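The values are calculated or read from the model by the stated rules, or taken from the named source; none is laboratory data. The structure presented is a predicted model; accordingly, all values stated were derived computationally and were not measured. Every residue, glycine as well, gets a Cβ built from its backbone with ideal geometry; the counts of neighbours run over all protein chains shown.
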Amino acid sequence: MSDVNSSPVSRRNFISTGAKLGAFLAAAPYVARGADGAAKADQLNVALIGCGEQGRILTNAALPIPGVRFKAVCDIWPYNLTRTERLLKKFGHEARPFEDYREMLSSVGDIDAVIIATPDFLHAEHTNAALRAGKHVYCEKLMSNTVEGARSMVVTARETKKLLQLGHQRRSNPRYQHARDRILNGDRLLGRVTNISGQWHRAVSDDYGYPANQAIVEAKLGKYGYANMHEFRNWRWFKRYAGGPMSDLGAHQIDMYNWMLGSNPSSCMASGGTDYYKTHEWFDNAIAIFEFPTKNGMVRASYQVLTTTSAGGGYHEYFMGDEGALKLSENPKYTKLYREARAPEWDQWVAKGIVASPLSGEGAPAAVKPWEKVGVKKLAGPSKSAGVDVRETAALSAWDIPVTLDKAIHQPHLENFVDAVRKGTPLSCPGESAFATAVTVLKINEAIAAQKTLRFKPEDFIA
Ligand SMILES: NC(=O)c1ccc[n+]([C@@H]2O[C@H](COP(=O)([O-])OP(=O)(O)OC[C@H]3O[C@@H](n4cnc5c(N)ncnc54)[C@H](O)[C@@H]3O)[C@@H](O)[C@H]2O)c1
């Protein structure tokens, strides 16, 4: 069984959260026990706590990973528990079902790692219990709905010397890694990055329901901390269970701000409200503005999550520099790379496979007219052709990123976790750096409530 040792900080995994963060944690090479007691280097026995939507997605993403064996599943809702048990059986995994995670942890001896996909307010409780039971943990984002909950998870992982990976899966996505390591940093194709904007826009949606014959009785809901079936199903929107859309959707993208820049913000101001949905506690629309001091200068960043409109182009994170811009999204259709006309030619980066040739079709660069070159204004004259208005600069040319993800979006992040347990590969999202993201995200809700700009010290992001 592996314990955690410190490992050198790799460039890929580096996040600047101050001196205390130091080296990242990694597991020593892992050897699982076979049924006959023989070493089976390729087997990792896992359990799942939380068999809802994300539990199902993680199960499907983990099943193709060689050697992963589901040994137990836990959920308080029999409806979801049975569904997951059946899914696993279909793939030849005999996973014992449990309602209570404590019983699962104490009675199934051969679990090496636990995957947690319960509502956010339970992450600290479930993670800390699994770590204390000697298991490595992959826990979904947001790390916790409180800073103290998130901090306790980092501390427990440190004390137990077990691995803790948080579910910010973009960090293991090869397209995002290429964008960070080669485009934004590395060869610095964007030049000096000055701004980020990001968004997740979603149309109005109905609250979740449940089959009438599958309701959990009130006494049992109360035992597990839920007020009623409506809140149990729609926990995201209620303050005692979660952090609202900023934490639900924004967490993924704001994590990319910190991770891509290698920095944490120094301030946050924000606005939000329950302007539309009358039965929700959390803000349906929220907008935040951050200042990120980086070694290359200040980056001003905005982020908005809107749950009442799908207008404005889906979800993306947009990094803007004086020589180019990078629009990233988990959905490749929103991903683009742009070159400013004033930037050096990108032929050498195409030759090196860092960017792909200019796009054709939608988003392709318009043929650049001589007067569109920077500093050349179109002279007034008889020509009827449209030039660049004096208020505008030349159009950006659109390029492609030649790295794609050919599997389910959560699979590489689970693979990274499995490799960390088995081989000591550094985690893509260890507790320490996920803590910095959790603080960044939770501070937005605090700034909205306080109706003022919050200022941060580097140590605020260190657990
Ligand atoms: N990484 C991603 O892309 C991503 C996407 C969606 C959700 N998530 C995260 O995954 C987590 C789960 O979200 P979801 O959409 O699956 O929610 P969900 O409501 O569909 O599922 C939650 C499950 O947890 C179970 N549960 C509740 N309390 C429990 C308890 N005390 N013990 C055991 N099981 C319990 C519920 O019965 C339910 O089956 C959240 O933290 C969410 O933020 C991550």
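Please verify whether ILE409 is within 17 Å of LYS141 (Cα to Cα), among the β-branched types (Val, Ile, Thr) and over 16 Å from the mean Cα position of the chain (by Cα), treating the condition exactly as stated. Considered against the rule, which asks whether it is within 17 Å of LYS141 (Cα to Cα), among the β-branched types (Val, Ile, Thr) and over 16 Å from the mean Cα position of the chain (by Cα), ILE409 comes out as no.
Of all the numbered requirements in (1) more than 11 Å from the ligand (Cβ to nearest atom); (2) under 30 Å from PRO265 (Cβ atoms); (3) among the hydrophobic types (A, V, I, L, M, F, W, C), TRP235 misses one, and that requirement is (1).
Looking at this structure, is TYR30 modelled with pLDDT under 95, at negative phi and crowded, with 21+ Cβ neighbours inside 10 Å?
Numbers: modelled with pLDDT under 95: yes; at negative phi: yes; crowded, with 21+ Cβ neighbours inside 10 Å: yes.
Criteria met by TYR30.
Checked against (1) surrounded by 13 or more Cβ atoms within 10 Å (Cβ to Cβ); (2) free of Cβ contacts under 8 Å to residues at least 24 places away in the same chain, ALA351 passes all but a single condition, namely (1). Restricting region 157-181 to residues that are more than 16 Å from the ligand (Cβ to nearest atom) and among the polar types (S, T, N, Q), the residue that is nearest to HIS252 (Cα to Cα) is GLN177. Out of the helices (runs of 4 or more DSSP H) lying entirely within region 195-312, which hold 2 or more residues that are closer than 17 Å to ILE444 by Cβ and in contact with a Lys or Arg (Cβ under 9 Å, 6 or more places away or on another chain)? Of the helices (runs of 4 or more DSSP H) lying wholly inside region 195-312, those with at least 2 residues that are closer than 17 Å to ILE444 by Cβ and in contact with a Lys or Arg (Cβ under 9 Å, 6 or more places away or on another chain) span 251-261. Got at least one residue in region 193-204 being small (Gly, Ala, Ser) and either within 12 Å of the ligand (Cβ to nearest atom) or surrounded by 19 or more Cβ atoms within 10 Å (Cβ to Cβ) (or both)? Within region 193-204 (the criterion being small (Gly, Ala, Ser) and either within 12 Å of the ligand (Cβ to nearest atom) or surrounded by 19 or more Cβ atoms within 10 Å (Cβ to Cβ) (or both)), the answer is yes, since at least one residue qualifies.
Within region 320-331, does at least one residue satisfy the condition of being part of a loop (DSSP other than H, G, I, E, B), in contact with a Phe, Trp or Tyr (Cβ under 7 Å, 6 or more places away or on another chain) and closer than 30 Å to HIS230 by Cβ? Within region 320-331, none of the residues are part of a loop (DSSP other than H, G, I, E, B), in contact with a Phe, Trp or Tyr (Cβ under 7 Å, 6 or more places away or on another chain) and closer than 30 Å to HIS230 by Cβ.
Going by the structure shown, is ILE183 under 22 Å from TRP237 (Cβ atoms), of a type in the set (A, V, I, L, M, F, W, C) and at pLDDT 95 or above? Step through it out loud before you land on a result.
On the way: under 22 Å from TRP237 (Cβ atoms): no; of a type in the set (A, V, I, L, M, F, W, C): yes; at pLDDT 95 or above: yes.
For ILE183, the condition - under 22 Å from TRP237 (Cβ atoms), of a type in the set (A, V, I, L, M, F, W, C) and at pLDDT 95 or above - is not met.
Whether a residue is in contact (Cβ under 8 Å) with a residue 40 or more places away in the chain, over 23 Å from TYR276 (Cα atoms) and charged (D, E, K, R) was assessed, and LYS239 does not pass this test.
Test ALA72 against the stated conditions and say whether it is modelled with pLDDT of 95 or more and not in a strand (DSSP E or B). Spelling it out, it is not the case that ALA72 is modelled with pLDDT of 95 or more and not in a strand (DSSP E or B).
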